[in-house]
Amino acid sequence: MFSQVTVLGAGQMGSGIAQVIAQKNISVQLVDLSEDALKIAQEKIENSLNKLYQKKIITLNPNEVLRNIQFSSEFSVIKNSELVIEAVPENKELKLKVFNQISSTVTSDTIIASNTSSISLTQLAEAVSYPERVAGLHFMNPVPLMKLVEIIRAKQTTDSVFKKLCEFTIFLDKEFVCSLDRPGFIVNRILMPMINEAVFVLEEGIASVEDIDKAMKLGCHFPMGPLALADLIGLDTCLSIMEVLQEGLGNKYTPCPLLKKYVKEGRLGKKTGKGFFDY
C-alpha cells in the first residue's frame, strides 16, 4: 500500500480525503497555496475527528491521526509522493495547469489521480509526461462519512494502476464503482440533471424551496432534498458540472438560468452562508 500520499487542494473535498487517508495511518501531505485555506482545513479535520471519536466511529485518538497530516503551502513537497490526488475546484483549465505542475515535479512512478466529478480524465492525462499513470478517484461529500468512490479509467490508464487504486479504496474502508470516462461519470450524470430540474421547478414558480425538498424527501425517500444537497455541494460546482454535461452531451443538459444567477451573485450554498437556503 502507499506510504506517502499528497492531496492537492485544502477545500471541503481535499481536507476530507486527507482525513480518511490519515485515519489509516498513512503519511499524507495536504497542500494548498492559501495559508488561510490550510488553517480552516486543519480546524475542520480536527472537529470532524473529535466527533467521530466521541461517537466511537473511529478508535484512533484524533491527535494520532492529525500527526499523520502535514499541512503545506509549498508545492515542491509532493516530489516524493507515491500517489498525488488532485482536489482543486471543478475547472478544466485549472486542473490541466495543476496536472502539468504535478508532472514536472514527481517521478515517473507516481500515480496521479483526480477527484474530478465530471471532467475527462483522458484530457487531464494528456497534460502529464506519463499519462498511463492517471485515473479518477471521485470521493463523495462528506468524505469521512460517505462510503462510495467512483474510479474512472482514462483511455491511457494501465491495468496495474487501476488495480492499485481499487486496492487503495478498499484499504480506506470505502466501496468503489467503475465508470468509463464520460461526462459526469455515474453519479453526477444522474444527480446533476435532477438538481438542475429542481431549480427549474423553483424558477417556474411551481413550488417553494421548502416544498420541493419536502416532496423529494417524503415522496422519494431521499435523505436530503435536491436544493439542500446543491447547497452542500456548492452551486458553483453544480453549475460547472452541468456545463461539462452540456458541452459533452448536448443542450438537454443546459443549466437553469436561476442557477447561473445565484452563482453570479455569490450565493454558492453553505460555504458562503446563502444558497437556496440561508445558513
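Looking at Leu227, Leu268, Leu239, Leu259, which is the one that is within 30 Å of Gly14 (Cβ to Cβ) and in contact with a Lys or Arg (Cβ under 7 Å, 6 or more places away or on another chain)?
Leu239
Taking the conditions exactly as written (touching a Lys or Arg at 6+ places or on another chain (Cβ under 6 Å) and either of a type outside the set (Asp, Glu) or free of Cβ contacts under 8 Å to residues at least 24 places away in the same chain (or both)), does Ile102 satisfy them or not?
Taking the combined requirement at face value, the residue does not satisfy it.
Would you please name the residue that is surrounded by the most Cβ atoms within 10 Å (Cβ to Cβ), looking only at residues in the range 173-192 that are touching a helix residue (DSSP H, G or I) at 6+ places or on another chain (Cβ under 6 Å) and part of a helix (DSSP H, G or I)?
Out of the qualifying residues, it is Met192.
Return a yes/no flag: does the range 238-250 have any residue that is touching a strand residue (DSSP E or B) at 6+ places or on another chain (Cβ under 7 Å), assigned to a helix (DSSP H, G or I) and under 29 Å from Leu124 (Cα atoms).
No.
Condition (residue is at pLDDT 95 or above, outside any helix (DSSP H, G or I) and polar (S, T, N, Q)) applied to the range 39-49: is it met by at least one residue?
No, that holds for no residue.
From the set of residues in the range 1-36 that are surrounded by fewer than 24 Cβ atoms within 10 Å (Cβ to Cβ) and among the small types (Gly, Ala, Ser), which is farthest from Phe139 (Cα to Cα)?
Ser34
Are any of the residues in the range 264-275 more than 23 Å from Val88 (Cα to Cα), crowded, with 18+ Cβ neighbours inside 10 Å and touching a Phe, Trp or Tyr at 6+ places or on another chain (Cβ under 9 Å)?
No; the residues of the range 264-275 include none that is more than 23 Å from Val88 (Cα to Cα), crowded, with 18+ Cβ neighbours inside 10 Å and touching a Phe, Trp or Tyr at 6+ places or on another chain (Cβ under 9 Å).
Would you check which residues across the range 142-152 are buried (at least 17 other Cβ atoms within 10 Å of the Cβ) and assigned to a loop (DSSP other than H, G, I, E, B) and list them?
Once the filter is applied, which keeps residues that are buried (at least 17 other Cβ atoms within 10 Å of the Cβ) and assigned to a loop (DSSP other than H, G, I, E, B), the range 142-152 yields Val143, Pro144.
Testing Tyr53 on (1) in contact with a Pro (Cβ under 7 Å, 6 or more places away or on another chain); (2) crowded, with 24+ Cβ neighbours inside 10 Å; (3) not polar (S, T, N, Q), one condition comes back false. Which one is that?
For Tyr53, the exception is condition (2).
Of the conditions (1) buried (at least 17 other Cβ atoms within 10 Å of the Cβ); (2) of a type in the set (Val, Ile, Thr); (3) not in a strand (DSSP E or B), Thr59 satisfies every one except a single condition; which number is it?
Here Thr59 meets the rest and fails (1).
Consider the range 14-66. How many of its residues are farther than 19 Å from Ser81 by Cα and touching a residue at least 60 places away in the same chain (Cβ under 8 Å)?
2
What is the one condition in (1) more than 20 Å from Lys252 (Cβ to Cβ); (2) free of Cβ contacts under 8 Å to residues at least 12 places away in the same chain that Ile190 does not satisfy?
Single failed check for Ile190: (1).
Looking at the range 153-160, can you tell me whether even one residue there is surrounded by fewer than 23 Cβ atoms within 10 Å (Cβ to Cβ), closer than 26 Å to Asn25 by Cα and touching a strand residue (DSSP E or B) at 6+ places or on another chain (Cβ under 8 Å)?
No, the range 153-160 contains no residue that is surrounded by fewer than 23 Cβ atoms within 10 Å (Cβ to Cβ), closer than 26 Å to Asn25 by Cα and touching a strand residue (DSSP E or B) at 6+ places or on another chain (Cβ under 8 Å).
Across the range 76-99, which residue is surrounded by the fewest Cβ atoms within 10 Å (Cβ to Cβ) among those that are in contact (Cβ under 8 Å) with a residue 60 or more places away in the chain and more than 18 Å from the chain's Cα centre (by Cα)?
Across the range 76-99, the extreme among qualifying residues is Asn80.
Could you tell me whether Ala215 is assigned to a helix (DSSP H, G or I), surrounded by fewer than 20 Cβ atoms within 10 Å (Cβ to Cβ) and either hydrophobic (A, V, I, L, M, F, W, C) or at positive phi (or both)?
Taking the combined requirement at face value, the residue satisfies it.
The values are calculated or read from the model by the stated rules, or taken from the named source; none is laboratory data. Given the structure is predicted, the values throughout are model-derived calculations rather than measurements. Please note: Cβ atoms are built from the backbone with ideal geometry, for glycine as well, and neighbour counts cover all protein chains shown.
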